[in-house]
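Every number here is computed from the coordinates shown, using simple stated rules; none is lab data. What you are looking at is a predicted structure, and each value in this text was computed from that prediction instead of being measured. Cβ sites come from the backbone with ideal geometry, for glycine too, and all protein chains shown count toward neighbours.
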Amino acid sequence: MQDIVNFLIENPEVLEKVVNGEASLLGVDLDDVLGLIEGIKEAGKLFSTFWL
Amino acid sequence: MHMGVVGIEETLTLVKQYMKHSITSCVKNTDLKNLLLSFLEKREELPFAQITIIHHQSFSGKDEEIALLAAAVELLVLSFDMLDDLEDLDNVDEPWMKVEHPVSLNAATTLYTLGQQAVLSLQSPYKLQIIEAFTKFSIQAMEGQHVDLKNLILTEDECLEVMKNKSGSLIALASISGMLLAGANSPLVEEYSYQIGLAAQIDNDFRDLFNPLKNDVSSQKKTLAFLYLQKKYNDQAIEILKGFQSGKPINEYFSSSLNFKQKLIDAGVAQYLNVMKQIAINKATRMIRQLPIEENQSERLNTHLIIELNPKNKER
C-alpha cells in the first residue's frame, strides 16, 4: 500500500480519474480503493482525532 | 436489574462499583488496596467496558452479570495499559509512573489477576467460553507487545500484524466476551475488532509523534509512519528521519508543531496513515453490517464503534 499511496500523491491526476470512474486500480479491492480516495483527499482529518 | 431497561450510563456506574469492589474484597493489604483504588480514579469513560456492554445488548443479551464482566474487562485492560507504560517507560504523567516502578509492576499484575478472578466469579453458563476468550486475546496482546518491544518489525505487513495483536486483541476481548455472555458467537466480531484496533492504533501512533512524553520518536519505533518514511520517497521524508535521529524534541527540530504537521503532509505520511485508517474503518463497517443481528442494532453498533469512539475532535 505504501507504493500505491506514494504513486497517487505524486500523480494526482490519476487519483482524480479513479474518483471520476475514468480509471481503476487493478488488483485493489473496493474497501481499499475507497480508503485510498478518502484517505488521501481528507488527510487533514488525522490531525484532529484520536480514539480509545 | 434488567439490561433491557438499563442504559449504558447506569451500567457504567455499576461497572465502576464492581471494579472497586473487586479490589476492596480481594486485596487485604491496605497500602496496595489504596494504590489500586487511586489508579481507578482517572478511568472515567471506561471505553472497553462500553464495548463489552454494547455487544451484549446488540446480540439481545439481558444478563445481569454484564456489569461484572465489563468490570473484569476494564481491570484487565488497565493492567495492560500499566504494563505497556512500564515497559515503554513513557506516559510519565500517569499515576503508576509516579511511584516506584517495581511497586507499579506488582500492582499491574494484581489488577490482571483481579480481572481473571472477576470472570471466574461469573455464574453464566458461557463462563468457560469467556475465560477462553480472555486467555486467547490476552496472550495475543502479549505476543504483539513482545514483537513491538523487540522492535523486530521490518515490513508493512509485519507492522499491521503487531498492531492487530497488540491493539485489536483487547478490543476483540471486550467485544467477544460481551457477545458470548449473550449466548451468541459470530466470527465476524473478532475480524472487525482487529480492524477497529488498527484504526485506533494508527490515530494513537500519529498523535504520539507530537507527544514529548512518548518515546516513539526518540526510540525510532517501527510504526507505520516510520516504515513509510524509511522508503525515502521524497526529500521531506529524509528530513523527518533526520529530525527523528537528531535526539531533539521533534516539534523543536522543525521550529513548531505546525511546521512538523506540514512536513508530514509534504512527505505523504499523513495521507498514507489516513488511507490505512480509512481502509480499516471501511472493512469494519462492512463486517458490522453483515452481523446476524437486527439492522437497527448493527447501525447502533457501527455508530458506537466507528463514530462515537473514534473522532473526539480534540485539538492538538
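Here is how the numbers come out for the structure above:
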item: Square roots of five times the Cα gyration tensor eigenvalues for the stretch B:46-104, Å; result: 31, 10, 7
item: Fully extended contour minus Cα-Cα distance, from B:Asn34 to B:Lys248, at 0.36 nm per residue; result: 73.2 nm
item: Contour excess over end-to-end distance, with Cα ends at B:Glu9 and B:Met97 and 0.36 nm allotted per residue; result: 28.7 nm
item: Whole-angstrom Cα spans of the stretch B:256-297 along principal axes, big to small; result: 49, 15, 7
item: Debye log10 I(q)/I(0) at q = 0.06 Å⁻¹ for chain B, Cα point scatterers; result: -0.21
item: Radius of gyration, Dmax [the stretch B:100-198; alpha carbons; angstrom]; result: 15.0, 45
item: Taking B:Leu76, B:Leu273, B:Leu227, B:Leu83 and counting other C-beta atoms within 10 Å, the order from fewest to most; result: B:Leu227, B:Leu83, B:Leu273, B:Leu76
item: Distance cut-off 22 Å, percentage of C-alpha pairs in the stretch B:183-272 lying past it; result: 31 percent
item: Two-site FRET efficiency, B:Asn296 against B:Met142, from Cβ-Cβ distance with R₀ of 25 Å, rounded to 0.05; result: 0.10
item: Taking B:Asp148, B:Asp93 and counting other C-beta atoms within 10 Å, the order from fewest to most; result: B:Asp93, B:Asp148
item: Links that overshoot a 31 Å alpha carbon limit, given the list B:Lys16/B:Lys136; A:Lys45/B:Lys214; B:Lys62/B:Lys222; result: B:Lys62/B:Lys222
item: Prolate/oblate/rounded call for the protein assembly as shown, Cα gyration tensor, a/c under 1.5 rounded; result: oblate
item: Modelled FRET efficiency - R0 35 Å, A:Ala23 with B:Lys232, Cβ distances, 0.05 increments; result: 0.80
item: More than 18 angstrom apart: percent of Cα pairs within chain A; result: 30 percent
item: Contact order relative to length of the stretch B:233-309, as percent, for alpha carbon pairs under 8 angstrom and 6 or more apart; result: 21 percent
